[in-house]
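K.L.:
The following block contains the structure, expressed as structure tokens.
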Amino acid sequence: MFGKGRIDIGILRTGYSPGDTISGKTVLTLKKPVKAREVIISLIGEQKNTRVGGRPGSKDTSTTTQRIRIYDFKQQLDTEREYTQGQEYSFEIKIPADILSAKPQMPELEGKLGQGLKVAQAVAAMTGAIPLQQTKWYLLAKLDVPGGIDIKKTADITIG
């Protein structure tokens, strides 16, 4: 155990369907008391967008990848105070029935920047750039330590 300690996530299963409830607990294991803002558990969905493209007839291809957060639900488990060894928190997170249709929030761009984006999208469509999308779902437990390194842990889950 490095640093101030660790936080663990305990869940009964890793596969869920939209509308299910994720039940579990987080456990703090600290070396010494830590002043912190809060303990939270979050359900996060990140979409990994990979574009593969190139000019028709050319052997040159390019690949670009980016991660976009499409869903982020936070549940506060405890508030600002001094945390000690072995504290345990139970949680329940209801997965929305329409979660699989979550889309990244893209601002409407105006002016030259917006025109440039539209041109880039048009060029991608003309050159045959193929968008590949994968969504990663996970739980994030975090002890938010002000002015220090947060103690956090993730647990991958599947929603489908």
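Just so it is clear, none of the values below were taken in a lab; they were calculated from the coordinates. This structure is a prediction, so every number in the text was calculated from the model and none was measured.
K.L.:
Using the Karplus equation 6.51 cos²θ - 1.76 cosθ + 1.60 (θ = phi - 60°), what ³J(HN,Hα) coupling, rounded to whole Hz, does each residue of the stretch 135-150 give in order, writing x for Gly and Pro?
P.N.:
Result, rounded to whole Hz: 10, 10, 10, 7, 9, 10, 9, 9, 9, 7, 9, x, x, x, 8, 5.
K.L.:
Which entries of 4/94; 48/152; 35/153; 94/142 show an alpha-carbon separation above 29 angstrom in the structure shown?
P.N.:
Beyond 29 Å: 4/94.
K.L.:
What would the Debye formula give as log10 I(q)/I(0) at q = 0.20, 0.27 Å⁻¹ for the alpha-carbon point model of the stretch 4-45, no solvent?
P.N.:
-0.77, -1.10
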